[in-house]
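Bear in mind these aren't lab numbers, they're just calculated from the coordinates by the rules spelled out. A quick note: this is a predicted structure, and the numbers were derived from the prediction, not measured. Reconstructed Cβ throughout: ideal geometry from the backbone, glycine too, with neighbour counts over all protein chains shown.
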Amino acid sequence: MGEDEAGTTAGAGPGTGTGTGPALEVACDESGSDGENLTRGNTDVFAHAGVHVPVTAAALALREVRARIRSPAEEYKANHLLREKHRRVLEWLLAPGGPLHGRAGVHLTEKAFFVVDRVTGLLLTDPEAAVALFRTGRDDLGNEGWRTFLAAANRLLRGRHDGEPHAPVDHFLATVDALRAARPAARTARVLERLAGQRDRAEAYRTRLSEAPAGHIPVLEPLLPAIVATAAHWSAGGRPVRLVHDRQNILTAERIAWVEETARHAGIALTGVELVVARSDARVQLADFLAGTARRIASDERNGRGDPALTALLRPYVLPASVWGDARSWGALAPEANDPLGVAG
């Protein structure tokens, strides 16, 4: 077997390469995709997992999961592990000494914060505005006002064309004006006032969107930046990394090219992305297990119903570059000293 087949030792972190040698092969899968519908979809967290486990070891781990769960299903998914009766199997999978420990990582995206980060980035080019608005908006605007704002922002950024070309712009700005009229606290009012003055930028964005070719990069798609973040994590230190990813409709040839080009511009040693059918690769199935269970654990923590034991087991896997705005839940989910994108300060 080559170096990649031999794998890393349990507990050894990624990114320890010296910039030479064969590419580290990392198998990936995601959980929680709702397309560009991030505010009214079925899930509030998106998770993208990367697993560096030798093929033979992954097959043995998958066989062990099957032996412990004993389901007749042809293909096991994360939902099998999330059933209470199989909790011990999930704990074994994530625990120190388990098949994934030291060999896997998961990038988390809090969807509501992702929308706020994208809309303030587009209109204000100010990353601090996203943090400020996200951390005060719900309290200052109330739950209904906050949901209304998120839905209007999602509609503005979404690639789908509905009605007149600038109808999403009119709707978003009318929503912002209505929320300002309710006189929220000054900390939120300041960001809303800045957003209200950005009609030109918003209309220019919708015009660009209407002229974009098929296969353009959606602003609201969390999968593509998550893949780049996963490649960055595993190639830290300069070691080349190659991703083997479950097939997804979003991953067209044009978008894979965007991922690879973005990685190159960022100095990430990504040598390529290969798409495979999950059931044909035990490593990708393990990535599915991690992505699906991480999404549920993180969502429960975000919504105040977290399981302390499962959150603690997940913590070593969470990538620092995760896109997360809620300070309380991040404090529980993040390894020590981890600070996700856009939440510093």
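One table, with the values for the structure above:
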read-out: Distance from the range 28-85 to the range 188-220 (C-alpha centre basis), Å; value: 35
read-out: Degrees, to the nearest 10: 111-124 long Cα axis against longest axis of the chain; value: 50
read-out: 20 Å cut-off, amide nitrogen to a point 7 angstrom out along Ala186 Cα→Cβ, residues in the range 134-168; value: 134-142
read-out: Unit charges on C-beta of K, R, D, E only; dipole of the range 112-211, Debye; value: 160
read-out: Debye, to nearest 20: dipole size of the chain, +1 on Lys, Arg Cβ, -1 on Asp, Glu Cβ; value: 760
read-out: Value of Rg/Rh across the range 33-86 [Cα atoms, Kirkwood radius]; value: 1.07
read-out: Hull shadow area, averaged, the range 77-158 [alpha-carbon convex hull, nm²]; value: 8.5
read-out: Extension reserve of the Arg147-Asp170 stretch, reckoned as 0.36 nm per residue once the Cα distance is removed; value: 6.5 nm
read-out: Sites Thr56 and Arg328 - FRET efficiency at Förster radius 35 Å, r taken between beta-carbons, to 0.05; value: 0.25
read-out: Zero-based 20 Å bins, Cα pair distances in the chain, whole percents; value: 30, 55, 15, 0
read-out: Difference of contour (0.36 nm per residue) and Cα-Cα distance, Asn249 to Thr207; value: 12.6 nm
read-out: Among 249-262, 33-46, the order from most to least packed when residues are scored by Cβ within 10 Å on average; value: 33-46, 249-262
read-out: DSSP-defined antiparallel bridges as percent of all bridges, the chain, nearest 5; value: 45
read-out: The chain, relative contact order [Cα under 8 Å, separation at least 6], %; value: 29
read-out: For the range 118-167: rounded, prolate or oblate by the Cα gyration tensor [a/c cutoff 1.5]; value: oblate
read-out: Cα pair distances in the range 112-211, grouped into 5 Å bins until the bin that holds the longest one, percent each; value: 2, 14, 27, 27, 18, 8, 3, 0
